[in-house]
Amino acid sequence: MKCVFVGSLKEDSGYIVEVLQEKEYEIIQAGEYDQIEKTINPVLESQAEIAVYDLLPLNDDPLEIVEVIDSIQQSRDGKKIIFLAAGMGKNTPVIDALRKAGYVNFVLDSTYGAKKEKFARCLTNFYESNADRLDRELSDTELPRELHFTAFAGAQTRIGTTTQAIQYAGYLADCGKRVCYVEETGDFFPQKLFETYQYAAESGDCITYAGIPMYTGKTMQEMLKMNYEHFVLDFGSIEREQFAASLFFDERMQRVIVAGTKPQEWTHTKYVLANALCKDAAYILSFADISDVEAVSGAFFQMPLFAGYIPDMFARDQEDLALGYRRLFPEEETKRKKENRKKKSAHKRTRRAL
């Protein structure tokens, strides 16, 4: 039997190859597409008995996806089709629309083992014959990860953008968060660090140092497939000719501008402050002296974080920065306190039970 796969068979989708090889299915790679219409010809020309779609790269409206899938399935005489969407819940618009259209084979789990098990089950007619089980399993699917994207950009070059991004990633790691650092400058900082630092470790496209996994040049679609909850992105100077503006201004980003207060720096800082697209950004002022606080604070909608000189970007004893992060990102601080209260409450219940 033949199976056509629409998506990218990188390591995150390795379970698909494993299962298909175990069952001795021939796999045909149709490629990855951002629009559902582009998949019509590759899928139909494959003449495969099974079609597998990774929904994450698709940018279409859910109803448009359903309309095209219905058309494809009509031409395929209703042969089996399986949808992958790691981390999505059953009430996500595209999943909800496909379920209402009668489709039953979904792999929504986030962990490798769960995805492999669910995919193997989808290859049988299990869900076609057990509609009640489908609804129950989708309800029990691991809750979609709540993803956080924090984008750091400098108002100018050499203002400490990478240092501040690494500092924040380290802070999140120390808080027990699944976090990674992603360089979006094209300077290959993680690779250069690996060549220089003795204790940096390399695994695939990931360089890890001081407990921080680091990557270079990831797209939003790639990040959505990665097993992290927090992504700290380093865009370098906003003045760069190759500045990745479309990703930096993505609506999912919490933007942070790293700027300066010295006379030669303040011109760049004021320029960014005047940019309407940066109005919602938080600000970290690098190499700032305490005497600068009163002088410049009034220029900002929200009190900026004043960061002094940090000789080692991987140092983790910056308590003043930790306090500043809690003020810059109050929503995160509220969640942290709620989690701590839940843990304390659970501990009390356990003690009473004993």
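The values are calculated or read from the model by the stated rules, or taken from the named source; none is laboratory data. The structure presented is a predicted model; accordingly, all values stated were derived computationally and were not measured. Cβ: placed from backbone, ideal geometry, glycine included. Neighbour counts: every protein chain shown.
Quickly run through region 233-274 and pick out the residues that are surrounded by 13 or more Cβ atoms within 10 Å (Cβ to Cβ) and either free of Cβ contacts under 8 Å to residues at least 24 places away in the same chain or of a type in the set (S, T, Y) (or both). S237, A245, T261, T269, Y271, listed by residue number. In the set (1) at pLDDT 95 or above; (2) in contact with a helix residue (DSSP H, G or I) (Cβ under 9 Å, 6 or more places away or on another chain); (3) farther than 21 Å from H230 by Cβ; (4) not aromatic (F, W, Y), the condition left unmet by A153 is number (3). Taking region 195-218 as the range and being over 22 Å from E229 (Cα atoms) and crowded, with 19+ Cβ neighbours inside 10 Å as the test, no residue passes.
Checked against the criterion of being in a strand (DSSP E or B), small (G, A, S) and exposed (fewer than 15 other Cβ atoms within 10 Å of the Cβ), region 42-56 has no qualifying residue.
Given (1) within 30 Å of E239 (Cα to Cα); (2) in a loop (DSSP other than H, G, I, E, B); (3) among the basic types (K, R), identify the lone condition not met by K177. In the conditions (1) within 30 Å of E239 (Cα to Cα); (2) in a loop (DSSP other than H, G, I, E, B); (3) among the basic types (K, R), K177 misses (1) alone.
Residues of region 218-229 include none that is within 26 Å of F306 (Cα to Cα) and either in a strand (DSSP E or B) or touching a helix residue (DSSP H, G or I) at 6+ places or on another chain (Cβ under 8 Å) (or both). When region 89-108 is limited to residues that are under 22 Å from the mean Cα position of the chain (by Cα) and surrounded by 23 or more Cβ atoms within 10 Å (Cβ to Cβ), the one that is nearest to E229 (Cα to Cα) turns out to be L108.
Table: residues versus (1) modelled with pLDDT of 90 or more; (2) within 28 Å of C175 (Cβ to Cβ).
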{"position": "A244", "(1), (2)": "yes, yes"}
{"position": "L247", "(1), (2)": "yes, yes"}
{"position": "G260", "(1), (2)": "yes, yes"}
{"position": "P311", "(1), (2)": "no, yes"}
{"position": "L323", "(1), (2)": "no, yes"}
{"position": "S345", "(1), (2)": "no, yes"}
{"position": "A353", "(1), (2)": "no, no"}
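A quick yes/no check of all residues on (1) more than 15 Å from A153 (Cβ to Cβ); (2) under 28 Å from the mean Cα position of the chain (by Cα); (3) among the aliphatic types (A, V, I, L, M):
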| residue | (1), (2), (3) |
| --- | --- |
| A201 | yes, yes, yes |
| D205 | yes, yes, no |
| T208 | yes, yes, no |
| T219 | yes, yes, no |
| E229 | yes, yes, no |
| F249 | no, yes, no |
| C278 | no, yes, no |
| D292 | yes, no, no |
| G308 | yes, no, no |
